């Protein structure tokens, strides 16, 4: 029965196996909507299910619904807070240790040789583009970490830094990948199946919800489904056929 499951469900099962709630991302006072969208997309692609957004700007806070994040917001959970204090209280309640990125003299370099042991539950905080984390976050974080830089430029782009620091944490402890309670994974499966199935999904996917199909060995899109992600006028100028052109 499960061998006839739609490919999208098999792909969802592959993604579910790698999803983690042991590592979460926190964005404190991001001021650029494109940076926030990029952070959400990066977190989703790295298997991180929960992102905590601290923002006193409603326009920025609502940006996770933007298509700039390439639909990442459909598959992750974004928790919004108006103050750092509220966010930290929620993380403490859920037993997360908090590591904030900062260039402070006491910060630890995030390298294979110097990275501290990864705790059971970890929240990684990325600060504002202009001046980094707040003094409140700096005082309350359990650790401060930073990315070593070897050039003249003073800082990485926020979106780039987010991907680098999260990957280094994951590389330091591969058991983060897929670390999620079965109860949360089952709830997430039901939510994803509803999104993938649309109207009447429960009747269509009922058999696979109770008996999930086998995951794909490779979640990369098939050759037939790949198409350039670019505007139509640019594709035409470069003489590249998009999926729409081929149909």
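The values are calculated or read from the model by the stated rules, or taken from the named source; none is laboratory data. Keep in mind it's a predicted model, so treat the numbers as computed, not measured. Heads up, the Cβs are rebuilt from the backbone with ideal geometry, glycines too, and the neighbour counts pull from every protein chain shown.
Structure values in brief
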item: Residue pairs meeting the criteria (Cβ under 6 Å; at least 6 apart or on separate chains; first over 30 Å from residue 56 (Cα atoms), in segment 112-136; second in a helix (DSSP H, G or I)); result: 115/172; 118/172
item: Those helices (runs of 4 or more DSSP H) lying entirely in segment 145-225 with at least 3 residues in contact with a helix residue (DSSP H, G or I) (Cβ under 8 Å, 6 or more places away or on another chain), surrounded by 17 or more Cβ atoms within 10 Å (Cβ to Cβ) and in the same structural domain as residue 43 (by TED's automatic domain parsing); result: 158-172
